[in-house]
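Here the structure is laid out as structure tokens; the discussion comes afterwards.
What follows is calculated from the coordinates using simple rules that are stated; it is not laboratory data. Not measured: the values here are computed from a predicted model. Every residue, glycine among them, receives a Cβ derived from its backbone with ideal geometry; neighbour counts consider all protein chains shown.
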Amino acid sequence: MGMTKEERNGKAYIERLLKKQGYPTYAKIFDKFEFHFTSDPSHIAYLSPKTGEIVINREVDADQCSVLVRHEILHAYLQHHKRMIEHLAKLRGLDPDKLDDMTIKEFEKIIYTDPYRLDNIAGDYEISNRGYTAKDKQAVRNILINGQTVSGLVTEDDHPEWTNLSIEEMYDLLKKEIENKVTDGILLDETTFVDPDTGIVYGVGELNM
């Protein structure tokens, strides 16, 4: 859809910053993408290979932009989408090298309709484990969007015992956490459930993972 002048200037600045910080390969990869800002508080940053764009919330500062650009590139470099499809296949006893298009779409639906987006959380944690410096971790700990501090980008802040785990291992553990919350919760009646930790009330259908 084309970049605005502000976005072109922003992209050029981030490329220079990446090179200055010692990340010329990231700068080269970033150059191949369109860059856009968003004011949507539900999005911090995302990369879309299909549209060839990287989008970052305009509230983050320059150092945070550097980390987030590298973060989004690492989602692709670490093949998180492909690996999660393969992991779901293995969990169901299927050969990941022999999946047909219909099965792949079924697994993609499971991933993208998960209300908790456990695959994305596990992917963010793996990036924290494998791609962040101490300075990066401090930068993302201070991201403020719409007046709220963003959490979930540094593994040890939430799960210090997971710092050497893979996306697949952490996905399974996150899934168990959700299942345990359901098990330990209070069933109000046959169709509703309250989470004892948050007080959130769910319909039973919303808890099917």
At the level of C-alpha centres, the distance separating segment 116-160 and segment 1-71, in angstrom, is 18
State, to one decimal in nm, how far the label point of ASP100 lies from the label point of SER39, with both points 7 Å from Cα in the Cβ direction. 4.8
Among the lysines, select those whose C-alpha is under 22 Å from the C-alpha of LYS109, and discard any that sit fewer than 8 residues away in the same chain. LYS50, LYS82, LYS90, LYS98, LYS175, LYS176
Helix 167-184 axis, angle to the chain major axis (alpha carbon atoms, nearest 10°): 40
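Of all trypsin sites (Lys or Arg not before Pro) in segment 1-81, which ones are in loop regions per DSSP and have a Cβ with at most 12 other Cβ atoms within 10 Å?
LYS32, LYS50
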Would you mind getting me the FRET efficiency between ARG8 and THR149? Use the beta-carbon distance for r and R0 = 30 Å, nearest 0.05. 0.50
